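Chemist: Got a structure here, written out as C-alpha cells. Questions coming.
Derivation of every value follows stated rules applied to the coordinates shown; laboratory data play no part. Fair warning: this is a prediction, and the values are worked out from it, not measured in the lab. All Cβ positions, even for glycine, are placed from backbone atoms using ideal geometry, and neighbour counts span all protein chains on display.
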Amino acid sequence: MKGTFPITQFRQIETPFYYYDTALLRQTLRSIIEESSRYRGFCVHYAIKANANPKILNIISQSGLGADCVSGGEIKAAIAAGIPGGKIVFAGVGKSDWEINTGLKHNIFSFNVESIPELEVINELAARQDKVARIALRINPNVGAHTHANITTGLAENKFGITMRDMEGVIDYARTLKNVQFVGLHFHIGSQILDMGDFEALCNRINDLQQQLDNHHIHVENINVGGGLGIDYHHPNRLPVPDFKSYFKTYAKFLKLRPHQTLHFELGRAVVAQCGSLITKVLYVKQGDFKQFAIVDAGMTDLIRPALYQAYHKIENITCDDPQETYDVVGPICESSDVFAKAVDLNRCERGHLLALRSAGAYGEAMASQYNCRQLPKGYTTEDLLW
Ligand SMILES: *Cc1c(COP(=O)(O)O)cnc(C)c1O
C-alpha cells in the first residue's frame, strides 16, 4: 500500500482502469449535506455528466442528493440509481423529443429551457401526455468565470440560455401556454471556478433580475445557480474535500432569496473529482534526444482532459520510491495531443510500474471513447477490491 492505494489488488487488475476511493466520496457527500443544510431551502443536485458510473451514482443517490441531467440517457441513469423524478432537473440546448418525453414520464422537477422553440415543443409534448411540465428558464447572465475558455458557459458569446433582455418576454409567453408551468430561473456560469467572487457576481446579477421581475409582479418559485465549484488539481491530498462551507456561504450571503424560494445547486466536479484516479502501467521508458518518455497504456481515450483542455492531473509512481527523474508521460494513441504531462518529476519509472493520474473522478471515465478500437476503461471502487 503506497499512499491510500490498495496496490496489491491493483497488480491483479488489467490496466488501465479507474479507481474510486468511496470513503472519500462519502466524506465529500457528508460535507455537502452538512454545509448546505445550514441554510433554509438549499437543495443540491449532482451533475451526472461528471461521472455516471452506476456504483458512484448509487452512493450519491443514497446520500439524498438530486440529479442534474443533460440528456435522456442521464435521466434514465438517475432513475436507475434510485433518484426520484421529483429531484431531477434537465438542462441542455438541444433536447430531442424522446428526451423530453422521458422527462415528462418521470415528472421531473424542472426542464431548464434554453429557447422559445424548445418551450413550444415541451408544451406540445406535455399536452400529448396530458401533463403540465414544470419549466425554468436558463438565463445567460453574461457573467464571466475565471476559468478555461472552453468551460465558461455564462457569457453572451456562449450558446447556452436565453438572453436577459428576452427573459420577461419569454416568461410572459410561457404563461400563455397551457401545458407548461413557469417555476424558476436557471443559471450556470462555467466549471472549475475557485474564485468565490465569480459566484458573488452571479448572485448580484440574479438580484437585479429578481428585482426586475418583482416590479412586474412575476413570482419565481425557485432559483437554480448551476454548479462549477472547482477543486485543487495540484494538491489532491491537501484538501481532498472541496471548501463547500465557503461556497454555500457565498450564496447565503449575497443572494437575496425571497421567502419560500428554494435555491438549487448542480455540483459535478466538486463531488467526484478527488475520489477518482486513473491507474495505468508503464509500457516503455524511451530515451529521446533531450528528454525521456514514460509511455503508458492509458491514453486520451481513457482521460481526455489534458488533450482537450490542457488540464493538469498530478501523476504519481505508486510502485516505486526511487529518486525522481523527469519524464513526458504519453499514451499510445496515434495523436500528438495524446500527452498526459510534459517534464514532470516522477520516482524513476520502469516497465511494469503503476502510475496514478490523480483527481480524475470527474469528466474522466464519463468522457472515455473507443477511438483506435480500444476498450472502455473499467471503474473499480474500494468495495470492489476488498478481497
Ligand atoms: C456541467 C454542468 C454542471 C456541473 O458543472 P461542474 O463544474 O462539474 O460542477 C451543472 N449544471 C449544468 C447545466 C451543467 O451543464
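Chemist: Could you tell me which chymotrypsin sites (Phe, Trp or Tyr not before Pro) in the range 21-106 are loop residues by DSSP with no more than 16 other beta carbons within 10 angstrom of their beta carbon?
Modeler: For chymotrypsin sites (Phe, Trp or Tyr not before Pro) across the range 21-106 that sit outside H, G, I, E and B with at most 16 neighbouring Cβ atoms in 10 Å, the list reads Tyr39.
Chemist: Related question: Springs between alpha-carbon pairs under 10 angstrom, Gaussian network model over the chain: which of Val121, Val225, Val339 fluctuates most?
Modeler: So, out of Val121, Val225, Val339, the one fluctuating most is Val121.
Chemist: Note the full-extension length gain between Gln324 and Thr176 as 0.36 nm times their separation in residues minus their Cα-Cα distance, in nm to one decimal.
Modeler: Length gained between Gln324 and Thr176: 46.5 nm.
Chemist: Of Ile304, Ala273, Ala356, which is farthest towards the positive pole of the range 271-365's charge dipole, taken about the Cα centre with +1 and -1 on the beta-carbons of Lys, Arg and Asp, Glu respectively?
Modeler: Positive-most Cα among the choices belongs to Ala273.
Chemist: Could you please tell me the mean projected area of the C-alpha convex hull for the chain, averaged over all directions and given in square nanometres to one decimal?
Modeler: 19.6
Chemist: Can you bin the range 339-387 into rounded, prolate or oblate? Criterion: square roots of the alpha carbon gyration tensor eigenvalues sorted a ≥ b ≥ c, rounded for a/c under 1.5, prolate for a/b above b/c, oblate for the rest.
Modeler: It is oblate, given that a/c is not under 1.5 and a/b is not larger than b/c.
Chemist: Oh, and also: Obtain the nm distance between the two label points defined at Arg11 and Gln370 by a simple spin-label model: each point lies 7 Å from its Cα along the Cα-to-C-beta direction.
Modeler: Label at Arg11, label at Gln370, 3.3 nm between them.
Chemist: Cβ neighbours within 10 Å, averaged per peptide: list 207-218, 344-355, 188-199 in order, most packed at the top.
Modeler: Top of the packing list down: 188-199, 344-355, 207-218.
Chemist: Further question: Which trypsin sites (Lys or Arg not before Pro) in the range 1-48 pass both tests, a DSSP loop state and at most 16 other beta-carbon atoms within 10 Å?
Modeler: Here the sparse-neighbourhood loop sites are Arg11, Arg38, Arg40.
Chemist: DSSP loop (so not H, G, I, E, B), at most 14 other Cβ within 10 Å: list which trypsin sites (Lys or Arg not before Pro) in the range 248-290 pass both filters.
Modeler: Taking the range 248-290 and a limit of 14 other Cβ atoms within 10 Å, the loop trypsin sites (Lys or Arg not before Pro) found are Lys256.
Chemist: To continue, here is another question. Sum -39500 (n - 2.57) across every DSSP H segment of at least 4 residues in the chain, then divide by the residue count to get the 222 nm mean residue ellipticity, nearest 500.
Modeler: So the calculated ellipticity at 222 nm is -8500 deg cm²/dmol.
Chemist: In what sequence do Ser277, Ser337 fall when counting other Cβ within 10 Å, fewest first?
Modeler: Least crowded to most crowded, the residues run Ser337, Ser277.
Chemist: Can I ask one more? Which one of Asp130, Asp289, Asp328 has the biggest mean-square fluctuation once the chain is modelled by GNM with Cα springs under 10 Å?
Modeler: Highest fluctuation among the options: Asp289.
Chemist: Using Cα pairs under 8 angstrom and six or more residues apart, how large is the relative contact order of the range 261-387, in percent?
Modeler: Here the relative contact order equals 33 percent.
Chemist: Using Cβ contacts closer than 10 Å as the measure, can you line up Arg205, Arg165 from fewest to most?
Modeler: Arg165, Arg205
Chemist: In whole Hz, what ³J(HN,Hα) sequence does the range 240-250 give by Karplus (6.51, -1.76, 1.60; θ = phi - 60°), x for Gly and Pro?
Modeler: x, 9, x, 7, 5, 4, 5, 4, 5, 4, 4
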